[in-house]
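Notes follow the structure.
The values are calculated or read from the model by the stated rules, or taken from the named source; none is laboratory data. All values derive from a computational prediction rather than experimental measurement. Reconstructed Cβ throughout: ideal geometry from the backbone, glycine too, with neighbour counts over all protein chains shown.
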């Protein structure tokens, strides 16, 4: 099939900052005066649709309906025989579709949509919805690659739609405790951040399974599941979950939980684009002296270092490290040996290390955040180890719905914790780690018949222009190619 290659540098932050500045020079009459699309009276019910109605998609659309306060009018899923059957039972009057493009063309009264598909179809679905003036809630990571994140961030502003990414822990009120510690400057200059996870907890790090069309579930629309990715015959063990470990569809451990973990320092320290990235990955040998090589998939483990310029809140340049596959950083001596680092069993966590002490937190999804402050003078301050939440997932969906009703740039919209203005740049940092991993696997044969892994270096990043400046071959991972009909 014909492919279209997206030019990664075709949208730069400079260009959309300029556009935003121009837009801000005009006077907009409030939506509650004009009425029309983009504002809904609080007493009116929104018409909601779900793209991806099974698994997390079911809880997303259920939470967005706010206990039935809003109307779920349409559901889209590539396989209604699986976990999406729960959504069918919950919303029997909702019209059902397999192809979100058809749904968005036919359902002209949709006000807002939740998008809870595999990572590779987030951007095609969100872009089409926003172009139709529909408010969008997109599961984390916002997109499959950096180019798409920049594109959706700009498009949300241009279309004046209300957006939210599904890293629900961003609405956890306990993040305010961490923010207060940072803002009080009790740590002094903060120069190091260490982030780690026990992911992947799905099969990853080996060759792609062979296709076997005889195993395809009868109800699964496989071609629609592939979406923008190259066509391949049905391959077992990808749908509905294990796609995460393959670059054509998923974004690995970083994509799964990076937006829950990296969000904490990115938000509280006011970070922007990293200046560089460098990584190493765990190597598997199934035969002597010959490392397994599977560049189509994510590695079993990785270690990534990214650097950031000083911010007002950090007071110093910051080195952030990420490790997955169960690899944890060394314990700072200030944390007692019998205390968990981060979360329970130290499986996931964040350490923010300053001159005067350390902040430790768990992963920030729907888990207890467990914030802890350790100062060199012996002072400690610990948040609760359990959380009582009055509404599902900290009200992350409900707040988005309320902002949709209030309209673009309303106080409710500006109060959202993961609108694309924030979630886009933060997702770019997460995906920068994946760019480093994929560059690490680049190789070419040398004159001796061996392999040179020429991407195993520090990659210098021009965040404004979305470009690696010292290794042109790495820029292929800023964007991707799309199958015809699925372009963004």
Exercise. Test residue 441 against the criterion of being under 26 Å from residue 307 (Cβ atoms) and crowded, with 22+ Cβ neighbours inside 10 Å, and give yes or no.
Key: no
Quiz item: Right, residue 147: under 17 Å from the mean Cα position of the chain (by Cα), outside any helix (DSSP H, G or I) and modelled with pLDDT of 95 or more or not?
Solution: no
Self-check item: Total residues in the range 368-378, condition in contact (Cβ under 8 Å) with a residue 40 or more places away in the chain and either over 21 Å from residue 170 (Cα atoms) or surrounded by fewer than 16 Cβ atoms within 10 Å (Cβ to Cβ) (or both)
Solution: 3
Quiz item: Say we look at the range 241-255 and pick out the residues that are at pLDDT 95 or above and not in a helix (DSSP H, G or I); which of these is surrounded by the fewest Cβ atoms within 10 Å (Cβ to Cβ)?
Solution: 248
Quiz item: Quick check, is residue 50 within 20 Å of residue 133 (Cβ to Cβ), at pLDDT 95 or above and crowded, with 18+ Cβ neighbours inside 10 Å?
Solution: yes
Self-check item: Any helices (runs of 4 or more DSSP H) falling wholly within the range 83-142 and containing at least 3 residues that are at pLDDT below 95, in contact with a strand residue (DSSP E or B) (Cβ under 9 Å, 6 or more places away or on another chain) and surrounded by fewer than 24 Cβ atoms within 10 Å (Cβ to Cβ)
Solution: none
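Among the candidates 423, 403, single out the residue that is touching a strand residue (DSSP E or B) at 6+ places or on another chain (Cβ under 6 Å) and either at pLDDT 95 or above or at negative phi (or both).
Checking each option against the conditions leaves just 423.
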Exercise. Could you please give the count of residues in the range 229-282 that are farther than 17 Å from residue 302 by Cβ and touching a strand residue (DSSP E or B) at 6+ places or on another chain (Cβ under 6 Å)?
Key: 4
Self-check item: Of all residues making up the range 192-209, the number that are part of a loop (DSSP other than H, G, I, E, B) and under 16 Å from the mean Cα position of the chain (by Cα)
Solution: 3
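For the range 458-474, which residues satisfy the criterion of being in contact with a strand residue (DSSP E or B) (Cβ under 7 Å, 6 or more places away or on another chain) and either farther than 20 Å from residue 151 by Cα or exposed (fewer than 14 other Cβ atoms within 10 Å of the Cβ) (or both)? Full working, then the answer.
So in the range 458-474, the residues in contact with a strand residue (DSSP E or B) (Cβ under 7 Å, 6 or more places away or on another chain) come out as 458-461, 468-471, 474.
Answer for the range 458-474, where residues must be in contact with a strand residue (DSSP E or B) (Cβ under 7 Å, 6 or more places away or on another chain) and either farther than 20 Å from residue 151 by Cα or exposed (fewer than 14 other Cβ atoms within 10 Å of the Cβ) (or both): 458, 459, 460, 469, 470, 471.
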Self-check item: Residue count for the range 341-352, restricted to those that are surrounded by fewer than 20 Cβ atoms within 10 Å (Cβ to Cβ) and more than 21 Å from the chain's Cα centre (by Cα)
Solution: 3
Quiz item: From 233, 228, which residue is more than 20 Å from residue 199 (Cα to Cα), surrounded by fewer than 17 Cβ atoms within 10 Å (Cβ to Cβ) and in contact with a helix residue (DSSP H, G or I) (Cβ under 8 Å, 6 or more places away or on another chain)?
Solution: 233
Practice problem: Scan 314, 323, 330 and give me the residue that is closer than 25 Å to residue 377 by Cβ and in contact (Cβ under 8 Å) with a residue 24 or more places away in the chain. | Solution: 314
Exercise. May I ask you to list pairs of residues, at least six apart or on different chains, whose Cβ atoms are under 8 Å apart, with the first in the range 121-137 being on the phi < 0 side of the Ramachandran plot and in contact (Cβ under 8 Å) with a residue 24 or more places away in the chain and the second being assigned to a helix (DSSP H, G or I) and surrounded by fewer than 19 Cβ atoms within 10 Å (Cβ to Cβ)?
Key: 128/101
Practice problem: Inspect the range 277-289 for any residue being surrounded by fewer than 19 Cβ atoms within 10 Å (Cβ to Cβ), within 18 Å of the chain's Cα centre (by Cα) and under 30 Å from residue 315 (Cα atoms) and give the result as yes or no. | Solution: no
Practice problem: Working carefully through the options 409, 421, find the one that is under 24 Å from the mean Cα position of the chain (by Cα) and more than 27 Å from residue 261 (Cβ to Cβ). | Solution: 409
Practice problem: Search the range 439-473 for residues being within 22 Å of the chain's Cα centre (by Cα) and part of a loop (DSSP other than H, G, I, E, B), and hand back the single one that is farthest from residue 425 (Cα to Cα). | Solution: 465
